[in-house]
Structures are given as C-alpha cells and as structure tokens.
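*Asks:* Pasting in a structure now, in structure tokens, and then I'll have a few things to ask.
Laboratory data are not the source of any read-out in this text; all were calculated from the coordinates shown. Bear in mind the structure is a predicted one, so any value in this text is a computation, not a measurement. With ideal geometry, Cβ positions are generated from the backbone for all residues, glycine too; neighbour counts draw on all protein chains shown.
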Amino acid sequence: MKPSPHRRGSRRPLPVLLIAILVAACSGPSGDELFVYSARHYDTDTQLFDDFTAQTGIRVRLLQGNSDELLERLNREGVASPADVLITVDAGRLWRAEQAGVLQPVESEVLAERVPAHLRHPNGYWFGFSQRLRLIYYNRDAFDPGQVTTYEDLADPSLDGRICVRSSNNIYNQSLLASMVSHHGAAAATEWARGLVANLARAPQGGDTDQILGVAAGECELGVANHYYYVRLLNSEDPDRRAAAERVGIIFPNQDDRGLHVNVGGAGVVRGAPNREHAVRFLEYLASDEAQALFAEGNHEYPVVPGIALDPAIEAWGDFRRDQVNVAELGRHNPEAVRIADRVGWR
Amino acid sequence: MTAPSVLASAAPRGSGRFRLGGWGVLTVGIAVLLAMPILVVLAHVFIPAGEIWAHLWQTVLSRYVTNTLGLIVGVGAGVTLIGVGTAWLVVMCRFPGRGVFRWALLLPLAVPTYVIAYAYTDLLQFAGPVQTMLREMFDWGRDDYWFPQIRSLGGAIALMSLVLYPYVYLLSRAAFIEQSVCVLEVGRTLGRGPTRLFLGVAVPLARPAIAGGVALALMETLNDFGAVQFFGVDTFTTGIYRTWFGLGEQAAAAQLAACLLVFVFVLLMLERWSRRRARYFHTTGRYRELPQYELRGVRALLACVACALPVVLGFVLPAGLLLEMHLREGDHLFGTRFMGFAWNSLTLATVAAVVAVVLAVIVSYGVRLRQHLVTQLAARVASLGYAVPGSVIAVGVLIPLGWIDSQVNLFAHERFGMTPGLILTGTMVALVYAYVVRFLAVSFNTVEASLGKITPNMDAVSRTLGVSAGTTLRRVHMPIMRGSLFAAGILIFVDVMKELPATVILRPFDFDTLAVRAYELASDERLAQASTSALAIVAVGIIPVIVLSIAMSRSRPGSAGPPAP
C-alpha cells in the first residue's frame, strides 16, 4: 500500500506540535511576573501570593516541591532558570542552597530592620520569615515533667525505652543535632545522640505527628516534635485526635540556660533571578505586618517580626527563652550531624 | 516445544560480520536516548567519592543490603504465590464468583504502595484503632501483649506483595489463557493430575511471562521510596536518596545506584541464563475452549477465599479506610481544582502510555530481527530505568536537558542578546521523557513476551512472500499482539498515575497532579486530607484496569474470530 499524498500530510502534526511547544516555551517569563520555587506546602500560602499580587500587580507563578529536589533542579537549570525566589523550611536547607551557590545576597534596609539578626544569613543570602520550635512532649498520665528540663536530659540512662523520636533522615532532627554540635562540639553531640538512641521506645518511624500520637497512646512517655503539629492536633476536626492532644503535655526545654531550639522557614533571591527587583520586593512583603500575620496564622508558626498577634493556641503558652545562636550555624553543622546520626545508629 | 530459533538463522550471520540494519540502528538509538539519564548519573561513578565510602561501609551499608535483599526475596515469593496461584484458579477452575475475581484481582494495581502503607499504618499502628480497642477491651498496657509491628520489613513485604502481585497475575493469566489445549491434553494422557499438570507443564510453559511479571514487581519494589521511607525500612533507594540529598555526596550516591543497577542486571541475566536456549513456542494453532476443573464444596470455598483475600486486603480494605478518612477529614480543595489535578494526571498518563508502547514495539521488534548481543544489550539497557528510583531518573533527566537549555540560552544571549528561558526542563517534554525512561520496561516486557510467543515461522512466511519487515510488523504481528499492546499501555497509564518523585521534580509551574497533591498533604503530615487525592488516584486507576481485564478475557486466540487482517 502506497501512502497517498493526503496521508503523508497527516504525519506532519508532530513536528508542528514540537515547534509550537518550543515557541510557547520560548516566550518565557514576561512582564510583571515572579517565579517562586517553594518547599512549603501550606494552602494558606496561596493567600500570601494573592495578597502580594493585589498590592503590586505582580503575578506569582508557583512551583511547589521537596526542598532538596527543588535545589537540585535550580542547580541544573543554571542560567536558564526562570526562578526568582526560593522558599524553604529549615535553616539546614537554606544553608545548603547558599552553599550550592543558587542564591544571591540582598541588601535591604527593610529586611535588615525587621528580621532579627540571628534569624537571617549574615550576608543576606536568605532571611527567616517564621519560627518553629522543637518541643518535648510527655504523657500526662505516665510521666512526671519535672524529670526532664533540657534536650540534654533525653540522653539520661534513666529514660531507657521511654522516648519516641523520628528518623534522622528528617531535617528537623538533623538541625536539632546540629545545634548540639554547635553548643557542645561534635564529640559531646555524638555522646548525646548515642544516649538518646539507647533510650528509644521503638525504632524511629513516622512523622512528627506520629511521635505525639505515640506519646498520647502510651507507646512512649516522651516525644520530640515541632510545635505546630501539636497545635494542629489540638485544632483537629477529628475528636479522637483532639483527645489525643489533651493527653499530652509540653516541656519547653533549656529555659534555664540557652533556650529552646528554634528553626526558621525562610526565603532567598535566586542567583540570576530574571526579576530581581520583584524578588526583593516580595521578600520585603513577607516581612510586612500583613504577611507575617498570615504566615503565623496559616501554620500556627511564630512570626519573626516582634509585635504581631499570635495564633490564640500558641499565645496561651506565653513567652519563653529561645536559643539565640544564628540559625546559619545549624546549616554549617548539618553534614556533621548526619554523619553522627549514622555513627550512633539513629536511623 | 523448544524449537531452534528460526529468526537467528534469518539474520545474516554466516558472513561473520554483523550488520545492524535499519531496525538495529533504530533500536540502539532509542536505547541510547533512554539510557542517557541513567548513564549521566552513573558517570558520577568515576568521580572519586573519598572517605564517604568508609563511613557508609562502617555504618549503614550492611543495613541497606540486608533490607533490600529481604524485601526482594519476600516480595518475590509473595507476588509469585498470589499472582500465579490466583491466575491458575481463575483460568482453569470453575467456582462461584470466578467471573468477578477474574477482573477484581487486578484492582490492587490501582493502589500506590505509599497509599496502602498510609492506610494500613493508620489502622494497625500502636496508636491506631485496632490496638487501642484491644488495649481498652482487655485493659492491656504497652508491654502486656504482642502485636505485629506494621512499620517493619515484614509489614513492607506484606503490603507490597498485596499491591504488586497483579503484575504477575496479569502476565501469567494471559499466558495460561493463551496456552494450547493440546499440551494440557498430552499431559493428561500421560496421567498427570491437576497439580502436576500445573507445576510440571503449565508453569514451565508460562515461565517467561511469570518471570516478566515478577521482574516488574521486584523492580517496582526496588525503586519504591514512599512506602519504605514511611516504614523506616532503609533500603538502597532510601540510602541513595539520603546520600545524594542528605549527605550531599553525589558521587557516592551514584555509586550506590550503580550497585543497585548491577544487581538488577545480574538478576535479569540469571533468569535469562537459567532459561538458556530453551525457548517456548506453541507450534500448533489448535485452540479450543480450555477444559476446566469443576470445583465443589470445600474446594470451591477454598478457591473463593484464596481469590478474595488478595482483593479484600489489597484493595477493598485500603480503599475503605481511605474513604473513611476522606469522610472524616477530607481535602477542602475537593471540587473544581480537583478536576484540574485529575485532568493533568490523565493527560500525562495517556501521552506517556502511547509513547512508551510505540517505543517498546520498535525495540522488541528490533531485537527479534537482529538477534545480536548489541541489540539485546541495548534492549536491556533501555529498560533498566524501571529499577532506578524516580528521583535519580529525574536528576538524570535534569542534567542533560538543563545543560542543553543553558547552552541555548548562552548562545541566544551572545548572538541575539536575549534569553529564551527554559525550553526542555520544566516542560511536559521532560516529564514524558522521564516517564518513558522509567517505565519502558513495563511495556517492553509485556510486548516482548507477547512477541516471543508468535512463532518465527510467521516472520519467515511473510518475508518469503517479499513483505518488508516494517509491513510484517504492522500487518502480522501488531494485530496478533493487539491485546498485549493494550495491556502494556494500561500498565504504563496506571504507573504514571501513581508516579511521584519524578513528577514532583520535573513538572512545569502551576501544574499539579493527583499524586502531587496527595504527596503535598502527606509530606505535611495531613494524611487524612491526602486521602481524597489518594482515593481519586485509585478511582481513576480502576477504570482502565477493569477495561483491560475485560479486553483480556476476550483475547483468547481461537475464542473470537480470526484477528482482523
């Protein structure tokens, strides 16, 4: 069967389609747009972007993903990347981004004034915009909270088989361990991690929420998790979850010395950002009162700018001492922390 | 049964020199294109990784190896037992409910491993409803009773077997359906009872298909990240991820990936070698209605239970749990935005399925025409991607495409003073490319198994009549393989629907799929809300699975009219 001329014509759509895709792709970023790579997965962030657009007329184009993978993508896209801003959680990740050379320094009076010095990079590569606390939880029925007042206490042999902690694959735990390295040095941090692992009630598993639920159910007496997971349980639509949160008490560690371990959600301007001015403007917007309130409200986090109204659930906790070490330190010690975890068998 | 390869003699071998020819070149070309992302990652192997290996060796490596091996052996045994057993029951025996089980047994295919892991953990963990109820009922404390730990190697094996056995079921059932009555009758004449007929005749005959199915299930097991990570079972895949992204040691991570690949390669080659030159063709075209064993009483009940268990545990229960979670605390975005997610998932899955099937046909036909180490190696290399973790493939796709994009931009900037931005990365092109790299093995194994059953005499006759290889493929092989091509397409479709890591990394701006939505909520520890998207993935996945199943039961040669010319 010979193909008729008509038939032959029908084979053309593929190249035509390809060209169309190329042309469409080449038209690229235009006019007032801001390209954001974000590792935050909170639906309330949408409101943050909408507000920014309403204020400035700049449209936000969003790509959400996992921090480490977004970073890899930014890295590989190189000069062609459309990205202007990288938003991520945890200082460890912000540090990695800075180390990978995908961020550029920003000098902004607004940011310097509003974001406290220990919550941003010394040279302006990134800025923290929300704070999260890593707290210790205890089962109200089974545990006397007076026994544990510091993170260091978690390694005490008397707590054998009573603690729930998730995997050290998790960046929050890596940063907690990094803060131990920062304050006590690698050797002492290793000893601490070894003691903690020896005290585990079960092999590390699940997420932060699972540690709190483990404490509530009595699988363990103590657990470690970020504060907003607990608040989320308190506010859950599911009565079982609310009841579980009620069975759990909070310990604010290290109040008599350096203060409790604080981490940040933050953002930086991407090196080679096509819309650098917009990007800086966006960061400044994130430090504004409205944005800070939204940030705090959306995920029950603490704003970085003082004087913003807190989420009612966390306002009740009152004030407490927080570790003032620059969060960039947590990043610097991150690789060491991961290795320590491997060495002591914290899976 | 074991006919010498006619094809091999059809290829110009005598000259001593080997010519690839058009099909060979095409096959090798496709293989190179598809292997590129993996090779790019593996190229890191040559970068010295330094002392990190000593660290891995002393600390975590033995755990990665033991867990991975345990998982493979466990899941391999599990899927073979469930898949082959149920396929035989459904094809060869008559018992109540058989008509339903025939298609229902495929349903677990629509459930991603990470989803079944979420669902069962919620049910069976210490803080879950089952254990809580037991504790309250008997007033037990933590140490008063024993309950299997769901988040464990055993739990991972059980759950993965439950959702991955359909690969084996699908392929071995197709093989059982396509078997010739003559063989079975000869077996019976020689006095073989049903059991020995099954083990001694049918299973060996179906072995390429069974092996293909088990290989698919095992590769799916090897590259699984979501479920093992959630269960805290450290495997090679989680190790690669941690080494690459956590320790920032790309060279060492690539070397781990290389170990994994070598392992897979050896496994596949061992299977091939054990079959050696034994090739199985059905040489007669005599197909009648297969004789079936009528099961009654206890035996019928047992058969019923044996088929019902995998369906209930692998599909009904997890889907029910998800539904319950959805009703309790569902995703508030459910509605119009959800239609967008679903549409994106469907489009991607369809495009990827079509591309992957077309390429699989070309490659497997190329291998059939040019049976040579080069083409065979090319085919194996092209289908390696299935065992590679999705995130590794994504990085492998990013590296060359990102490089091309950068070069284009630099060039355009120098010449025309403009930067066109991204052309390949972050577009559908990159996504479909990654999917095909990852899933070609699925379509390839299916197509190859089907092509392998067409006796080479067909080719010989067609070629003797002066018909070109391409036309022979189109007019002889394709119509015969229609059912298998369709099956291959559906498998890819469902796989792409479930795929996560590559989609997350490579997708364009403002582009979310059901799997991405489920992941976003799950990674924020909102499992109950993620249930809505998970349920949608399952729901969208069921439809093609059922269609496939119906099409397959009609595809028995001889039972329908002759294949259309």
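*Asks:* So which chymotrypsin sites (Phe, Trp or Tyr not before Pro) in segment A:101-180 are both in a DSSP loop and have at most 12 other Cβ atoms within 10 Å of their Cβ?
*Replies:* Sites meeting the loop and neighbour criteria: none at all.
*Asks:* Counting other beta carbons within 10 Å of each Cβ, put A:45, A:289, A:210, B:405 in order, fewest first.
*Replies:* By the 10 Å Cβ count, ascending: A:289, A:45, A:210, B:405.
*Asks:* What trypsin sites (Lys or Arg not before Pro) does segment B:50-98 have in DSSP loop regions with at most 14 other beta carbons within 10 Å?
*Replies:* Counting only loop positions with at most 14 other Cβ atoms within 10 Å, none of the trypsin sites (Lys or Arg not before Pro) in segment B:50-98 qualifies.
*Asks:* Could you check the simple spin-label distance between residue B:371 and residue B:188, using points 7 Å along Cα→Cβ, in nm with one decimal?
*Replies:* About 3.3 nm separates the two model spin labels.
*Asks:* To the nearest whole number, what is the average tally of beta carbon atoms from other chains within 10 Å of the beta carbons of peptide B:500-510?
*Replies:* 4
*Asks:* Hey, another quick one. Counting each DSSP H run of 4 or more residues in the protein assembly as shown as -39500 (n - 2.57), what helix-only mean residue ellipticity at 222 nm follows after dividing by all residues, to the nearest 500 deg cm²/dmol? Each step should come with its number before you reach the end.
*Replies:* Working: 42 runs with 543 residues, N = 912.
About -19000 deg cm²/dmol.
*Asks:* Evaluate the distance, in nm, between pseudo-label points positioned 7 Å from the Cα of residue B:467 and of residue A:170 along their respective Cα→Cβ axes.
*Replies:* Roughly 6.2 nm, to one decimal.
*Asks:* Hey, another quick one. Grab the Cα-Cα distance for residue B:418 and residue B:138, subtract it from 0.36 nm times how many residues apart they are, and report the gain in nm with one decimal. Working shown, then result.
*Replies:* Values: separation 280, 0.36 × 280 = 100.80 nm, distance 7.39 nm.
Full extension of this stretch gives 93.4 nm more.
*Asks:* Which net charge results for the neighbourhood of residue B:244, defined as the other residues with beta-carbon distances under 14 angstrom from its beta-carbon, given Lys and Arg at +1 and Asp and Glu at -1?
*Replies:* Values: positive: A:73, A:76, A:96, B:242; negative: A:68, A:69, A:72, B:249.
Residues close to residue B:244 contribute a combined charge of 0.
*Asks:* Can I get the semi-axes of chain B's equivalent ellipsoid? Compute them from the C-alpha gyration tensor as square roots of 5 times the eigenvalues, in angstrom, largest first.
*Replies:* On the way: eigenvalues 269, 232, 103 Å².
Computed over chain B, the values are 37, 34, 23 Å.
*Asks:* If you take every residue apart from residue B:199 with its C-beta less than 12 Å away from the C-beta of residue B:199, what net charge results, scoring Lys and Arg +1 and Asp and Glu -1?
*Replies:* +3
*Asks:* Please label the shape of segment A:260-331 as rounded, prolate or oblate, based on the square roots a ≥ b ≥ c of the eigenvalues of the alpha-carbon gyration tensor (a/c under 1.5 means rounded; beyond that, a/b larger than b/c means prolate, else oblate).
*Replies:* It is oblate, given that a/c is not under 1.5 and a/b is not larger than b/c.
*Asks:* Can you give the average number of partner chain beta-carbon atoms within 10 Å of each beta-carbon in peptide B:403-415, as a whole number?
*Replies:* Per residue, the average neighbour count from other chains is 3.
*Asks:* Still on this structure, I have one more. Report, as an integer, the average count of C-beta atoms from other chains found within 10 Å of each Cβ along A:341-347.
*Replies:* 4
*Asks:* Sticking with this one: Among A:225, A:188, A:244, which one moves the most in a GNM of chain A with springs linking Cα atoms closer than 10 Å?
*Replies:* Fluctuation is largest for A:188.
*Asks:* What is the order of A:232, B:296, fewest Cβ neighbours within 10 Å to most? Kindly include the intermediate steps, with their values, before the conclusion.
*Replies:* On the way: A:232 21, B:296 10.
By the 10 Å Cβ count, ascending, the order reads B:296, A:232.
*Asks:* Let me ask something else about it. How do B:178, B:294, A:290 rank when sorted from fewest to most other Cβ atoms within 10 Å of their own Cβ?
*Replies:* In order of increasing Cβ crowding within 10 Å: B:294, A:290, B:178.
*Asks:* Just to verify a number: FRET efficiency for residue B:457 and residue B:258, C-beta to C-beta distance, R0 = 35 Å, to 0.05?
*Replies:* Taking R0 as 35 Å, the efficiency between residue B:457 and residue B:258 is 0.25.
*Asks:* Can I ask one more? Only residues of segment B:407-448 count here: report those whose backbone N is under 12 Å from the spot 7 Å along Cα→Cβ of residue A:79, or say none.
*Replies:* B:407-421
*Asks:* Please label the shape of segment B:405-528 as rounded, prolate or oblate, based on the square roots a ≥ b ≥ c of the eigenvalues of the alpha-carbon gyration tensor (a/c under 1.5 means rounded; beyond that, a/b larger than b/c means prolate, else oblate).
*Replies:* Oblate, since a/c reaches 1.5 and b/c is not below a/b.
*Asks:* Here is a further query. Summing +1 for each Lys or Arg and -1 for each Asp or Glu, what net charge is found among the other residues whose Cβ lies under 14 Å from the Cβ of residue A:276?
*Replies:* Computed value for this residue: -4.
*Asks:* OK, next. Let me know the shape class of segment B:57-181, please: from the alpha-carbon gyration tensor, a ≥ b ≥ c as square roots of the eigenvalues, rounded when a/c is under 1.5, otherwise prolate if a/b is greater than b/c, or oblate.
*Replies:* Oblate, because a/c is 1.5 or more while a/b does not exceed b/c.
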